[in-house]
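Q: What follows is a single structure, and I will ask about it in a moment.
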Amino acid sequence: MSTKVPIVENVLKINDEMALQNHQLFQNAGVFVVDLIGAPGAGKTALLELTLRRLWNTVNIGVIVGDPATCRDGDRLARHSDHIVQVNTGSGCHLDANQVRHAMDKLALKDLDILIIENVGNLICPVSFNLGQHCKIGMFSVSEGDDKAAKHPNLVISADLLILNKIDLLPYIPFDLEHFRQDVRHLNRTAPLLEVSVAKDQAAEWIDWLTTKVQQSNNT
Amino acid sequence: MHEVSIAQSLIELIRRYVPAHCRLLRATVRIGPMHALEPEAMRLAWTIATTEVGWAGAKLDIESPPWRLRCAACGRCWAPGRVDEACTCGCTNVEIMGGDEFQLDSIEVDTPVVPDRQKRVTSNRTRLHNTETGARHEHQSSNC
């Protein structure tokens, strides 16, 4: 004999509960938190290096950086900030709220204005796992091809900001920029799309977006 | 392969709802295309995760509701094959109305069974009952 038990809960409720606690801790510490999601090689770490170089004397930025293995990205970022925590996920293809909590314990949150969580390089898995962030950023690059936004609608739909990196490669790679823009707009009409070249140090819009968000966050 | 993490999270959530001494027989989830879950990978991950917690053989029913769009120009609602589909009126300004479902709907459990340890305790109590009072025995029986 069996009994049916109706439940109706989010599948990732336990992760969501932890994410909510993280969010509360971020709020209490007054730190603005973003979850940066992109494919391996999109330029996420390079963007953060640029960000730390540009903003080191105006805001305190911490980074939690997720990778399956090695501390290479953490070491790169540690040249620019003392507030870096590397998380190795092994076979895990994303960060979850619990991993972020453990990483947060190694940071002095109250000393930070911004915490950037660089997720494991992956366009699918990280999207479903809430970490407690204020904003989710989806990052693509020209070298990945112009169809990646359309092929990964879940990231585009849920992002608060979208970044297209490596636009300096446009003359050399078959990439229909207008097609890419249309795909993005079709899926998400509200998130800004920033077209940058981190390698050429052209990311002023990104720095403006980030500093504006922090100011807005401080005012509320 | 986020199916493994999702299966483990699902099991962790279900454990809150399975009464003591019951065994999970089936879970029904509703997962929209937004979460890019591959059903066969999910079933494999589920088989591994349920076996690890002693619920081997528990079934997973996956309901997959489609994307649902609404045209901002003419108001037409439809379930497209692709989320970036334009409306038949030609408008590409469409609102996503559904497809992000990610829900555990229900579980099915078997009737409670008395675990071995409790059987032994009951058995001891029964012996006590024979030599001492009947109240104690009755109390233990009601726990089973």
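Q: In nanometres, what is the gap between the two model label sites at residue B:38 and residue A:143, each 7 Å from Cα along Cα-to-Cβ?
A: In this crude spin-label approximation the distance works out to 2.5 nm.
Q: Counting only other residues whose beta carbon sits under 14 Å from that of residue B:60, what net charge do I get with K and R as +1, D and E as -1?
A: -3
Q: Now for a separate question. Given the pairs A:148/A:200; A:136/B:59; A:110/A:151; A:13/A:148; A:13/A:110, which span a C-alpha to C-alpha distance of over 32 angstrom in this model? Mind dumping the intermediate values first?
A: Values: A:148/A:200 23 Å; A:136/B:59 34 Å; A:110/A:151 39 Å; A:13/A:148 29 Å; A:13/A:110 28 Å.
Violating the 32 Å limit, Cα to Cα: A:136/B:59; A:110/A:151.
Q: Pick out, in residue order, every one of the trypsin sites (Lys or Arg not before Pro) in region A:121-220 that is DSSP loop and has at most 12 other C-beta atoms within 10 Å; say none if there are none.
A: Values: sites: A:136, A:148, A:151, A:166, A:181, A:185, A:189, A:200, A:213; in loops: A:166, A:189, A:200.
For trypsin sites (Lys or Arg not before Pro) across region A:121-220 that sit outside H, G, I, E and B with at most 12 neighbouring Cβ atoms in 10 Å, the list reads A:189, A:200.
Q: May I pose another question? Kindly put A:163, A:207, B:107 in sequence by how many other C-beta atoms sit within 10 Å of each C-beta, fewest to most. Could you put the intermediate results ahead of the total?
A: Working: A:163 26, A:207 15, B:107 22.
Ordered by Cβ neighbours within 10 Å, fewest first: A:207, B:107, A:163.
Q: I'd like the antiparallel share, as a percent to the nearest 5, of DSSP beta bridges with both residues in region A:13-206. If you can, show how the numbers build up before the last one.
A: Numbers: 1 of 29 bridges.
Around 5 percent of the beta bridges assigned by DSSP in region A:13-206 are antiparallel ones.
Q: Distance from the Cα centre of region B:43-105 to that of region A:179-216, in angstrom?
A: Here the answer is 28 Å between Cα centres.
Q: Multiplying the sequence separation of residue A:88 and residue A:1 by 0.36 nm and subtracting their Cα-Cα distance, what value in nm do you get?
A: The residue A:88-residue A:1 span can extend by a further 26.8 nm.
Q: How much length would be gained if the chain were fully extended between residue A:173 and residue A:190, taking 0.36 nm per residue of separation minus their Cα-Cα distance, in nm to one decimal? Can you show the working numbers first?
A: Working: separation 17, 0.36 × 17 = 6.12 nm, distance 2.80 nm.
Length gained, residue A:173 through residue A:190: 3.3 nm.
Q: Still on this model: Please compute the contact order of chain A in relative form: average sequence separation of alpha-carbon pairs under 8 Å and at least six residues apart, divided by the residue count, as a percent. Walk me through the numbers on the way to the answer.
A: Values: 393 pairs, mean separation 52.3, N = 220.
With pairs under 8 Å counted, the relative contact order is 24 percent.
Q: How fast does region A:13-206 diffuse by Stokes-Einstein, in µm²/s, taking the Kirkwood radius from C-alpha pairs at 20 °C and 1.002 mPa s?
A: Working: Rh = 16.8 Å.
The estimated diffusion coefficient comes to 127 µm²/s.
Q: Based on alpha-carbon centroids, what's the gap between region A:131-176 and region A:14-76 in Å, whole number please?
A: 18 Å
Q: Residue by residue through A:153-164, how many Cβ atoms from other chains fall within 10 Å of the Cβ on average? If you can, show how the numbers build up before the last one.
A: Details: counts 9, 8, 1, 2, 5, 2, 0, 0, 0, 0, 0, 0.
Counting Cβ atoms of other protein chains within 10 Å of each residue's Cβ and averaging gives 2.
Q: Rounded to the nearest 500, what is chain A's calculated 222 nm mean residue ellipticity when only DSSP H runs of at least 4 contribute -39500 (n - 2.57) each, over all residues? List each step's numbers first, then the result.
A: On the way: 8 runs with 81 residues, N = 220.
Estimated from H runs of four or more residues: -11000 deg cm²/dmol.
Q: I've got another one for you. Can you give the FRET efficiency for residue B:89 and residue B:61, using 1/(1 + (r/R0)^6), R0 = 56 Å, r = Cβ-Cβ distance, to the nearest 0.05? Intermediate values should be presented prior to the final figure.
A: Working: r = 37 Å, r/R0 = 0.66.
After rounding, the FRET efficiency stands at 0.90.
Q: If packing is taken as the mean number of other Cβ atoms within 10 Å per residue, what is the order of B:70-76, A:5-11, B:100-106, A:35-41, highest first? Mind showing how you got there, number by number?
A: On the way: B:70-76: 13.1, A:5-11: 15.9, B:100-106: 18.3, A:35-41: 21.4.
Top of the packing list down: A:35-41, B:100-106, A:5-11, B:70-76.
Q: Which distance in nm do the two modelled labels at residue B:52 and residue A:21 give, with both placed 7 Å along the Cα-to-Cβ direction?
A: Taking the simple label geometry, residue B:52 and residue A:21 are separated by 2.0 nm.
The numbers here are math on the coordinates, done by the rules we state, and not lab data. Keep in mind the model is a prediction, meaning the values are calculated, not measured. Please note: Cβ atoms are built from the backbone with ideal geometry, for glycine as well, and neighbour counts cover all protein chains shown.
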